[in-house]
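Single-structure report; data block below.
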Amino acid sequence: MATNNDAPSAAEVAQAGVSEAQIAVHWREEEYYPPPPAFVAQANANDPAILERFSEDRFPDCFTEYAEMLTWDRKWDQVLDTSDPPFWKWWVGGRLNACVNCVDRHLQERGDENALIWVPEPEDAETRYITYAELHRRINEFAALLRDFVGAKTGDRITFHLPMVPDLPVSMLACARLGVIHSQVFGGFSGTACGHRIADSKSKILVTIDSYYRNGQLLDHKKHADEAIAAAQAEGVEVEKVLVWRRIPGEYHSDSPMVEGRDFFIDELLDGYRGQTVEPVSMPAEAPLFLMYTSGTTGRPKGAQHSTGGYLSYVTGTSKYYQDIHPTDTYWCFADIGWITGHSYIVYGPLSLGTTSVMYEGVPTYPDAGRPWRIAEKLGVNIFHTAPTTIRMLRKLGPDEPAKYDYHFKHMTTVGEPIEPDVWRWYYEVVGKGQAAIVDTWWQTENGGFLGSTLPGLQPMKPGSCGPAVLGVFPVIYDENAQEIPKGSGKAGNMCIRNPWPGIFQTVWGQPERFVETYYAKYCKNTDSKDWRDWPYFSGDGAVQAADGYFRILGRVDDVINVAGHRLGTKELESAAITVDEVAEAAAVPVIDELRGKIVEMYVSLKPGNEASAAVEQKVADAIDREIGKIARPKNVWIVSDMPKTRSGKIMRRVIAGISNFSDVGDVTTLANPEIVDEIRHYVQHEKLERGETPRELSEQEKQEIAAYGHAD
Ligand code: WTA
C-alpha cells in the first residue's frame, strides 16, 4: 500500500511541474504513486528534457519527433496546414505506406521475430506465432486477392465484420498496402448495425468469417453478413462480394448458405495467390487510412476518418513513450481490434515499432478468472493493457488469481472509462504486484491516440486521474459560457483541447458539417479565422483539473452512454426501441453498474390500444440486440404510461435516470406532467427491489453525473 512517503520526491515533483505547496492538496485527494525505479531505468521517455521538446512554444514542430519514427517515401513539405479550419492537415507533401511501416521495414532485422501471437479461446488449442516474415507473406497474398479478384483500388472502402482473429490485422494491413480504406465493425455488433455502416461508407465488399469462439461456444457469425447485406440494400447500397475467412480451415460452421457468385471462401481463393507480392502504394500523408464508426447524438452512424501520416505518426510516438514499447517487449493489449484502442494499440502503434503484439480471441474469464494470467505467464507478456470493466470483472471473480502465476508486468494501461481509485489499487497491487507503472489513458475514437496520461517514467500516478495532457496536447476546461475553469477550482466543465495534434480525425465520413458542428462549433472563437487557436476541440466529456494539472474525467456530457467502455448513442438505442410496433416513445438512461461502469435501461410508452406486457418488454430488448448488438442489451425495459416531459414536450432523461439509480431526480417543477414522476418512481423502484436489485449509495461524482445526464435536452 502506498503511503504519503511514496509521494513524489522534490525532483519528481519538479518534473511533474507542480510546487511543494500544491502537494498538500493531493494528500487530501488521492496519493501519488511514483513510477517503479526499475521501470524508469529502462523507459523510452525518462529524461525530463522531453517535456521541454514538446512545450507549447515548440508546437506544431515538436511532432516531427513522431513523424521521424516512420519511414517515408517522400518527406513532408509542411508540418501543419491550417488553411481550411478545422480540417487540419499534417505532414503535407509527405508520402508513405502504413503497411510498409508496420511490416516491411522490420523484415531485415526482425523478420523471424513474432509480430503477432494469437491465443485462441479454447485453452487446449494451439497458440499461433506469426513472425514479421509470415505476416508479410499473408498480407501480400490477401492484398493480391483484393486487387485482382475483387478489383479493390486506392480510395475504395471495404467493410470488415470480424472478431479477434489474426485474419483481421492481415485484412487491415492488406488494405493499407493498397491504399484501400478499411472500416472494421466490432464483431459483437449485429448484422443490421454492420449494414448501416456498410451503407454509410458505400462499401461494395464485406469481409467476414464463418464463426468464432466466445465463452466456450463456436458462434455462427456468417449469418450476420446476410442481415448486413439486407440492411445495406434497404439503404440503397449493394454489396457485390462477401469474402469469408474460415475459423477452422477447411470447415464451415454456419447455418447461412454461401451465395453463389457473391460469397467466397478466402482460403480457397488464396490458393491462386500464393507467394505473390504486391507493390505497396505510396500514399499522401493526408490520404484516409481507415474509418472507425462511433456513436453520436443522432441515429446516423458517424465514421471517424483517420489519416495515414498523421495517425500513424501519432500512434507510433504515443506507443513508444506512453506504452513504453521496445521491439523486444511482449505487449498484450486486451481490447478488441473492433474498437479504436485495438486499431491504434494492438495493430498500428505496436507493429510500427516492430514489437510482438498479443491477440486473444475470447472473453477474459473463460474458462476461469485465471486465464489472462496464465496467458501472460506462458507468453512472457511484460506490458498489459485493458479496460476498467475487465479489471472489475477479474477482481470480482478471481481476486487472488494473479498471485498464483509467475508473470512480470513492467507497465500496465487502463483505458475507456473512468477507473475507481479502489479498482485502480487492486490493479496496481495485485495484478501489477506493485512493480508496474500504470497509465490511465483518456482519449476517444476521434482522437487517434492518447490525449491524457502520465508519462510513465517521469510523472507519478494518481488513482482515478488520467494525469496531465500528453506531449504536445494543450487542454482547457470551459464552462457553458466559454469561460475557462481554472485548475484547482474544484469545478467541473467541458474538456476541450486547444490545439490540433497529428492523430485527430480528419472529418466525419460524408458529413463534414456534422464534424464542424459536433466538435468545433461550440467553442469556436471566430469562424473566419485560419488560426488554430480559435478552434478548440470539444470532446463531449466532463472533467475537473486538480491544482497539479492532473485531469479527472467524469464521463460524457452528451447523449452517449459508456457501457463497459463501449459508446452507445441514446438516439440509436431509442430508435431501435421504436422499431417495435407497440412503442410510441422511448428513452434510454444509464444505470451505474458495479462491473460494467454503466448499463442501459430503457423506458418506453406504448401507442394507444396496447397493453404493457412482458412480451413487449422482450420485443424491445430483442430490437436492441438486432439493431445494435448484445452489448447494448438493456438491463430492464420499463413500460410507463407517459414520460416526464418539459412544457415543450422534451423527455427529461435526467429525471428517469435519477429514478433508475435511486438517486435524486432534481427539480421537477418545470415539468408539464410532474405527477408522473412519483408514479414512475413507485413502479420502477418497487419492481427493482422485487427483482433483487439493491440500491447502492452513489458517490458524489456518480450523483453529479446522473443529475447532468441528458442536460442537452
Ligand atoms: C471515455 C476509447 C475516463 C470518455 C479510447 C471518452 C475515459 C470515451 C477514459 C471514448 C479514461 C476513455 N478515463 N474516461 N481513461 N478513456 N474514456 O471513443 O468518456 O470508445 O469520451 O474511445 O470513453 O470512448 P471511445
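Summarising the amide proton neighbourhood of Thr454: residues at separation of 5 or more, or on other chains, whose placed amide H is nearer than 5 Å comprise Asp440. Size descriptors for region 482-616 (Cα atoms only): Rg and Dmax, in that order, 19.3, 59 Å. The GluC sites (Glu not before Pro) of region 423-525 that DSSP puts in a loop, and whose beta carbon has at most 15 other beta carbons within 10 Å, are Glu480. For GluC sites (Glu not before Pro), the sites in region 559-618 that DSSP calls loop and that have at most 14 other Cβ atoms within 10 Å are Glu594, Glu611.
Residues whose amide H falls under 5 Å from that of Ile209, counting only those 5 or more places apart or on a different chain, are Trp245, with hydrogens built in the peptide plane.
Proximity of backbone amide H atoms, modeled 1.01 Å from N, is registered between His411 and Phe384, Ala437 at under 5 Å, excluding neighbours fewer than 5 places apart on the same chain. A straight line joining the Cα centroids of region 497-512 and region 549-619 runs 28 Å. Sparsely packed loop sites in region 621-713 (the GluC sites (Glu not before Pro) outside DSSP H, G, I, E and B with at most 13 other Cβ atoms within 10 Å) comprise Glu697. Provide the FRET efficiency to the nearest 0.05 for the Ala41-Lys396 pair, computing r from the beta carbons and using R0 = 41 Å. The pair Ala41/Lys396 has a calculated efficiency of 0.75. By other beta-carbon atoms within 10 Å, ranking Arg596, Arg58, Arg105, Arg691 with the fewest at the front produces Arg691, Arg58, Arg105, Arg596.
One Cα centroid belongs to region 41-75, the other to region 291-333; the line between them spans 17 Å.
Glu126 label point, 7 Å along Cα→Cβ, cut-off 16 Å on backbone N: hits in region 249-274? Those under the cut-off are 249-251. The overall shape of region 666-713, judged from the alpha-carbon gyration tensor, is oblate: a/c is not under 1.5, and a/b is no greater than b/c. Summarising the strand pairing of region 400-492, around 40 percent of its internal DSSP beta bridges are antiparallel.
Too long at a 30 Å Cα-Cα cut-off: which of Lys89/Lys525; Lys462/Lys645; Lys320/Lys433; Lys491/Lys522; Lys222/Lys650?
Check vs 30 Å cut-off fails for Lys462/Lys645; Lys222/Lys650.
Peptides 447-454, 288-295 ranked from most to least packed give 447-454, 288-295, packing being the mean of other C-beta atoms within 10 angstrom over each peptide's residues.
Is the chain best put as rounded, prolate or oblate by its Cα gyration tensor, with a ≥ b ≥ c the root eigenvalues, rounded for a/c under 1.5, and otherwise prolate when a/b is larger than b/c, oblate when not? Since a/c stays below 1.5, the shape of the chain is classed as rounded.
Computed from phi, the 3J(HN,Hα) profile of region 351-361 under the Karplus parametrisation 6.51, -1.76, 1.60 (θ = phi - 60°) reads 6, 4, 8, x, 8, 9, 10, 8, 10, 10, 6 Hz, with x in place of Gly and Pro. Going by the alpha-carbon gyration tensor, a ≥ b ≥ c the square roots of its eigenvalues, is region 581-700 rounded (a/c under 1.5) or, if a/c is not under 1.5, prolate (a/b greater than b/c) versus oblate? Here region 581-700 falls in the oblate category.
To check you understand DSSP bridge types, tell me what percent of the beta bridges within the chain (both residues inside) are antiparallel, rounded to 5. Close to 60 percent.
Each reported figure results from applying straightforward, stated rules to the coordinates on display, with no laboratory input. This structure is a prediction, so every number in the text was calculated from the model and none was measured. For neighbour counting, all protein chains shown are included, and Cβ atoms are generated from backbone atoms with ideal geometry for every residue, glycine included.
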